[in-house]
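Have a look at the structure below, then the notes.
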Amino acid sequence: MKTLRSAKCGETVTVQKLGGEGALKRRIMDMGITKGTSIYVRKVAPLGDPVEITIRGYELSIRKNEAENILVD
Amino acid sequence: MAIKIALAGNPNCGKTTMFNDLTGSSQYVGNWPGVTVEKKEGRLRTHKDVVVTDLPGIYSLSPYTLEEVVTRNYILDEHPDVVIDLVDGSNIERNLYLTTQLTEMGLPVIIALNMIDIVQKNGDKIDVEKLSQALGCEVIETSAIKGTGSRQVAERAVQMALTGVKTHPGHTFSKPVEEALSGIESLIDGTVPQERLRWYSIKLFERDEKVLEKLELDADGKKRLEEIVSGLEAELDDDSESIITGERYQFIGKLVSQCVRKRQSGLTTSDKIDRVVTNRWLALPIFAAVMYIVYFVSVSWLGTIVTDWTNDTLFAETIQPAVGGWLEAVGAAGWLQGLIVDGIIGGVGAVLGFVPQMFILFFFLSILEDCGYMARVAFIMDRIFRKFGLSGKSFIPMLISSGCGVPGIMATRTIENEKDRRMTIMTTTFIPCGAKLPIIALIAGAVFPNITWMAPATYFFGIFMVVISGIILKKTKMFAGDPSPFVMELPQYHFPAPKGVLLHMWERGKAFIIKAGTVIFVACGIIWFLQSFGFGPEGLYMVEDENASLLAAIGGVIAPVFLPLGFGNWQAAVASVSGLVAKENVVGTFGVLFGLGEVGEDDPALLSMVPTLFATSASALAFMVFNLTCAPCFAAIGAIRREMMSAKWTWFAIGYMTVMAYVMGFIINQLGGFLFYGVSFGIGQVLALICVAALLWGLLRSYNPNKTARKPAVAGAHA
Amino acid sequence: MVTWIIFGLLLLAMFFAVRYAFRKAKRGECVGCPGGKSGGCCHCQRQMDTK
């Protein structure tokens with residue numbers, strides 16, 4: 001199992017588990033990233049960070065070190 | 001008692017538009033007490049006794065951010081009679097997440113399914129009936145932008161408020177969770193209002209710290225609660241918050257798959273554009289090129305043409321002689337002619353001459369903003385910003401500052417992290433605002449007429465100052481800390497509406513014209529007076545030589561301070577100080593002092609006189625840099641004061657900016673003069689080199705007490 | 001005579017201008033913008049609700 005951080009541009013992955021805790025983890029979940037959700041990696045910004053994903057029908061921008069906490073398959 | 005309607009919803013769902021639509025001009029905007037979260041209230045246009053409160057845009061009702069806490073406290077303590085939940089139909093899943101939470105709070109809720117026009121344009125279909133049934137409340141389709149539906153929603157809301165029928169959530173959680181919730185409910189039954197029982201039990205299940213504080217369970221209750229929650233957490237192998245959140249989204253996911261039919265589409269046009277514009281390698285060069293073109297066209301090219309015409313032809317050849325002639329004809333005294341023609345028209349005219357440039361600049365900036373490009377730029381800049389501890393969110397205030405610093409400073413409210421916020425407030429006025437444009441254009445035009453990239457360069461210099469300030473400050477104890485998380489929504493690209501662009505351009509530009517007619521008008525009058533009169537043996541008299549004037553005397557006191565920067569004369573000193581009132585005054589003051597392009601052959605023109613103030617061209621550059629970077633105008637200082645909410649921080653911000661401005665000006669004058677303009681190497685240059693060294697030290701030293709490079713868990717936003 | 005009339009008008013205009021500026025400053029708005037505080041500052045209206 002890898003993290004969202006290592007997902008490549010154009011890949012579609014499914015969320016398996018969320019790491020982290022407290023406010024940040026809650027924020028990530030509030031935005032719709034929950035277990036079983038499908039994520040499409042649209043774009044990786046210049047210099048590799050942040051990452052733009054499509055989730056639940058909208059686009060979200062998330063840092064690579066936050067993406068680290070999202071375990072996907 | 002007046003009916004209270006609360007307006008809730010995600011950020012960017014059109015809430016403000018609907019609020020404006022419902023309340024018209026009867027709004028009151030302030031802050032929620034004690035916090036920098038904006039509070040907007042107004043009266044319903046159709047029912048003057050109904051109060052509408054616009055709650056902050058939130059994604060959820062967690063206890064973690066200020067906006068969320070303010071909103072839930074409002075609903076719990078202020079007892080609104082009904083909540084209008086604005087749901088963005090084109091982004092429905094995430095929006096409904098908040099809906100599920102609102103319907104649990106035990107008050108009437110009605111859903112306004114907004115942006116229905118976009119939904120229809122996309123070809124998607126939403127079964128409103130089914131949605132309404134499943135969620136437990138009425139759903140009315142609206143398009144706040146087009147103005148349809150909002151009246152209806154308000155009417156229904158008022159009716160609902162009158163009948164007082166509370167909404168019950170249509171969703172339930174899984175059996176084990178429901179059992180746990182029942183258990184918790186029995187713990188607090190009787191201690192909270194019946195209609196809120198469910199909401200409180202869910203919050204307790206999530207171990208919501210604010211609710212725990214509020215309910216003050218006894219030791220026994222706390223133990224029982226912990227047993228229930230931990231038990232379920234162990235059983236489901238997940239923490240309670242995640243369980244609830246996950247199940248909410250599960251419910252929503254299923255609901256949406258039943259009620260919403262999306263038209264399948266491949267890459268949208270937005271995506272195709274993004275491919276190029278935010279491409280890993282091309283994005284930054286493209287941004288640089290775009291800003292270069294914008295500033296080049298506005299200032300160096302089109303702008304200069306228009307401004308030259310305005311100054312030379314319109315004012316100098318037409319208006320000034322005309323007014324002067326008229327005043328003579330009616331027999332007005334000589335000094336009055338001087339005041340009006342040289343002082344006021346000269347000064348205000350000099351500033352107004354640059355207004356066309358401002359409008360052209362604002363025109364371009366409006367296009368860039370309205371089409372959605374600028375949001376992408378924040379995304380691109382995030383990585384660079386993060387290197388020195390700011391997030392891309394700090395970039396948006398900087399963007400706005402390129403028009404006017406005041407709204408830029410206010411826009412920092414979206415930054416949750418207090419330290420980042422303060423740092424952004426302090427540095428956002430480094431980006432040249434519209435009012436600084438005349439300064440740039442004047443110096444560039446008068447001293448560096450052949451360097452067409454001067455104007456864009458100042459914009460990039462502003463960014464450069466923000467960046468190095470960030471690096472240096474982040475390494476000090478005051479500001480060090482983890483960068484804010486950057487979880488940001490990106491809007492779709494869309495073709496900017498011409499009407500919208502022109503409107504925004506006019507909005508920003510209008511302010512400067514009014515400023516010219518008021519603040520600058522008065523300032524020029526005062527400057528003219530001070531420059532025309534002096535104290536002699538018999539008291540006040542009109543001076544022949546302006547060096548004997550009051551202004552020269554005042555300026556003479558300050559001027560020595562600027563000697564190291566190459567402009568230690570009273571004229572430049574006075575101009576700089578006048579910039580505190582409004583940055584345009586720097587040019588306005590010169591306009592009063594030098595006249596615009598006067599009638600007589602001996603009377604010099606603005607452009608040819610200004611360079612004489614400076615020892616070398618490097619000094620002129622230093623002057624420009626100093627004025628662009630030092631303390632902003634009073635209006636901006638006022639905004640800083642309000643946003644910092646602390647006099648100490650305000651002074652610190654102003655002090656920081658002015659000191660940096662001075663140091664930069666010093667370095668540029670000393671080293672620039674030495675390197676390019678034949679100034680010999682002396683103590684000035686040595687000191688300048690020491691300053692450079694000090695800056696480099698501040699930039700390059702290591703200070704990372706909180707470095708959490710590879711740690712998986714992150715503390716993230718410390719609200 | 002004319003001089004003083006014109007000068008008087010000028011002073012009057014300046015007085016109103018200063019009063020206008022003070023009022024705006026007290027309410028915390030930029031010179032030239034209508035509409036209430038913060039959200040009303042012309043250009044940032046749309047941005048304010050953005051988070």
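Computed values, structure above
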quantity	calculated
5 Å binning of all Cα-Cα separations within the range B:175-261, expressed as whole percents from 0 upward	3, 13, 24, 23, 16, 10, 6, 3, 1, 0, 0
Peptide B:404-411, shielding by other chains (average Cβ, 10 Å cutoff)	6
Cross-link table B:15/B:39; A:17/B:223; A:8/B:393, entries beyond 18 Å C-alpha to C-alpha	A:17/B:223; A:8/B:393
Peptide B:241-254, shielding by other chains (average Cβ, 10 Å cutoff)	4
Accessible area per residue in Å² at 1.4 Å probe, computed on the range A:2-72	30
Per residue accessible area in Å² of chain B, where ligands, DNA and RNA are left out and the probe is 1.4 Å	40
Whole-percent carbon and sulfur share, accessible surface of the range B:175-261, 1.4 Å	48
Span-rule helices in chain B, defined as complete DSSP H runs reaching 30 Å or more along the axis (Cα) with Kyte mean at least -1.0	B:647-676
Mean Cβ count within 10 Å, highest first, over the residues of peptides B:107-116, B:446-455	B:107-116, B:446-455
Estimated FRET transfer efficiency (residue B:258, residue B:209; beta-carbon r; R0 30 Å; 0.05)	0.25
With every protein chain in place, the range B:57-153: carbon and sulfur % of accessible area (1.4 Å)	47
Quotient of Cα Rg and 2.2 N^0.38 Å for chain B, N being how many residues it contains	1.13
Protection proxy ranking, peptides B:193-206, B:322-335, B:56-69, B:575-588, average beta carbon neighbours within 10 Å, highest first	B:575-588, B:56-69, B:193-206, B:322-335
Segment residue B:577-residue B:148, length gained on full extension (0.36 nm per residue, minus Cα span)	149.3 nm
Chain pair B, A: total accessible area buried, heavy atoms, 1.4 Å probe, Å²	4000
Computed label-point distance, nm, for sites residue C:2 and residue B:194 using a 7 Å Cα→Cβ extension	8.7
Exercise: per-residue mean of other protein chain Cβ atoms within 10 Å, C:12-24	4
Cα pair distances of the protein assembly as shown binned at 20 Å [whole percent]	14, 43, 30, 12, 1
Dimensionless Rg/Rh of the range B:396-435 - Kirkwood Rh, Rg from C-alpha atoms	0.96
Förster radius 22 Å - calculated FRET efficiency between residue A:38 and residue B:235 (Cβ-Cβ, nearest 0.05)	0.25
Shielded residues, the range A:57-73 - accessible-area loss of 50 Å² or more between chain alone and all protein chains, probe 1.4 Å	A:58, A:59, A:61, A:63
For the range B:285-700, alpha-carbon Rg over 2.2 N^0.38 Å	1.00
Largest to smallest principal axis extent of the C-alpha atoms in the range B:287-340, angstrom	57, 16, 9
For residue A:51, solvent-accessible area (1.4 Å; no DNA, RNA or ligand), Å²	10
Largest-first ordering by accessible area, 1.4 Å probe, given options B:296, B:634, B:287	B:634, B:296, B:287
Ratio of Rg to Rh over the range A:2-72 (Cα coordinates, Kirkwood Rh, two decimals)	0.91
Length added when fully stretched, residue B:319-residue B:290, from 0.36 nm per residue minus Cα-Cα	6.7 nm
Protection-proxy order for peptides B:237-244, B:217-224, C:11-18, B:95-102, each taking the mean of Cβ atoms within 10 Å per residue, highest first	B:95-102, B:237-244, C:11-18, B:217-224
Estimated D of the range B:3-163 in µm² per second, where Rh is the Kirkwood radius over Cα pairs and Stokes-Einstein applies at 4 °C, 1.567 mPa s	83
Relative contact order [Cα under 8 Å, 6+ residues apart], chain B, whole percent	11
Around residue B:191: net Lys/Arg minus Asp/Glu count, Cβ-Cβ under 15 Å	-1
Chain B - mean residue ellipticity at 222 nm from DSSP helices (-39,500 (n - 2.57) per run, n ≥ 4, rounded to 500)	-17000 deg cm²/dmol
Cα-based equivalent ellipsoid, the range B:524-574: semi-axes from gyration tensor eigenvalues, Å	22, 11, 7
Total accessible area lost when B and C pair, probe 1.4 Å, Å² to nearest 100	3500
Volume in Å³ per residue [convex hull over Cα atoms, computed for the range B:359-398]	61
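The values are calculated or read from the model by the stated rules, or taken from the named source; none is laboratory data. Note that the coordinates shown come from a computational prediction; the quantities given were computed from them, not determined experimentally. Backbone-built Cβ (ideal geometry, glycine too); neighbour counts: all protein chains shown. Heads up: the accessible areas ignore ligands, DNA and RNA and are worked out on the full protein's heavy atoms, side chains in. Shrake-Rupley method; radii C 1.70, N 1.55, O 1.52, S 1.80 Å.
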